[in-house]
């Protein structure tokens, strides 16, 4: 389990790095980015994992969110993976759709041909990537997880299913109920097949509804009310209703005037990192 | 003199906007971006002009520098122009070079064919663009100017030649002495011709050397010492030497470990905006 460093740039006194490695879980070569805060020169630090949305790589959040400023202040590493397996040997959507295949792994473990040989983003994020970074970088076992849109879905699902592994979870503009909306239904049918009962383990609203007696992490969600995808794909109200029924205590904030872009993420990433830092202590 | 709004996104409580207009000075259609801070809803606000570097458009700084956070706090508008005239009717470098022609206007008024019919970026930045934004947006006549690399050259030259129009000038990684380095010599020869005496009005180091008795604006420069272009193209030491000889009082900071990228700009843009705000008061 080794990683090869490809880039390093200084930012806010810390190090923005890019690595390449062979992924056993995804069965291909992968790239990911890491921000190490200045504190990592002295000691191992906690990490916030960031899961990006459709069409993104590790570079969008790295260059556009401005998250390194607050992460440097708080002594948090940022772990920023890609959004799907990559490479010429990895199958892609036959029509080149933006919402399935490469750039659209949806953080599930695919069970259907031809996707099941590579598309295991759930296991990659939960197991392989933490082992890699904790073995090779000054990063300790304290983790939190966040993400945007498809990555917000991933962060909520992974946080809800692994409260022992993540101190807290947060999301910007998440797909909260993928089994009920077009993006999620298309992806889950493709990766998981027609048996909709197999979809439930990847639906944050359904997981929350069934969470009675289960330990849940602290949850923070920000959603812009001028987001073009809110009505059809994100549908925050499903999660809000489940949160109220279950009494899960998630903070769900509707932010007036904000859209789906990285300008929205940049505006509130400081809040999310402070939220995670307070739970990582 | 009208401008047409093409985009608007909310960020840090303010408005990131994109406009299109017919430029009389550049003789083509142009786009530029503006950030209006929340304070502009109540009153007209001062503006910091940002001049970008080679290959950039108005979008690089808008999406990567994170400048809106501090601008929103300080009540500063950001005016972010393109780096050259644009469009099918505008001549470009015949070899498609990145350092001449489109994306590389060098903030001069060209005098040589075929460039002189469009490449008047100096007049566009100093005259046409301020008139446009001050006539059409809640922006007052208080101005400061900053930029990166080729745009740092532009900001220094424009600030030094127009102290009555700009409260202060600053630069990241500027080309401080273009008549002495490859990027500048190629551009000036192309746009201004073989008479090197015509180049002097666009060289910050030469302008500073000849500034005895001339009012100068406060100047702040940040330069990364791990910048790949420092030794051959940027050559900060020329400006530092002139600054000492003239006693101009420019603050010139070498920042250890930083390179030429937007990660460097993001790390110090807050300092620059606070510097400009203090001079705009």
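Every number here is computed from the coordinates shown, using simple stated rules; none is lab data. Just so it is clear, the structure is predicted and the values come from calculations on it, not from any experiment. Neighbour counts run over all protein chains shown; Cβ positions are idealised from the backbone, glycine included.
Using the empirical formula 2.2 N^0.38 Å as the baseline, the Cα radius of gyration of region B:1-132 reaches a ratio of 1.08. Annotation for residue A:225 and residue A:24: the two label points, set 7 Å from Cα along the Cα-Cβ direction, are 5.0 nm apart. In this calculation the C-beta distance from residue A:127 to residue B:274 is compared with R0 = 60 Å, giving a FRET efficiency of 0.85.
Region A:211-237 and region B:59-124 have their alpha-carbon centroids 41 Å apart. Size check on region A:124-246: the Cα extents along the three principal axes, sorted descending, read 42, 32, 31 Å. Model label sites at residue A:135 and residue A:215, defined 7 Å from Cα along the beta-carbon direction, differ in position by 2.6 nm.
Here the Debye sum runs over all C-alpha atoms of chain B as equal scatterers in vacuum, and log10 of I(q)/I(0) at q = 0.08, 0.13, 0.16 Å⁻¹ comes out as -0.29, -0.81, -1.27.
Would you mind getting me the FRET efficiency between residue A:281 and residue B:113? Use the beta-carbon distance for r and R0 = 60 Å, nearest 0.05.
Values: r = 67 Å, r/R0 = 1.11.
After rounding to 0.05, the efficiency reads 0.35.
Based on alpha carbons, the Rg and Dmax found for region A:51-100 are 14.3, 45 Å.
Rounded to the nearest 500, the helix-only mean residue ellipticity at 222 nm of the protein assembly as shown stands at -8500 deg cm²/dmol, with each DSSP H run of n ≥ 4 adding -39,500 (n - 2.57).
Most simply put, the protein assembly as shown has about 50% antiparallel DSSP beta bridges, counting only bridges with both residues inside it.
Is the protein assembly as shown best put as rounded, prolate or oblate by its Cα gyration tensor, with a ≥ b ≥ c the root eigenvalues, rounded for a/c under 1.5, and otherwise prolate when a/b is larger than b/c, oblate when not? Walk me through the numbers before you get to the answer.
Values: a/c = 2.01, a/b = 1.93, b/c = 1.04.
Judged from the Cα gyration tensor, the protein assembly as shown comes out prolate (a/c at least 1.5, a/b above b/c).
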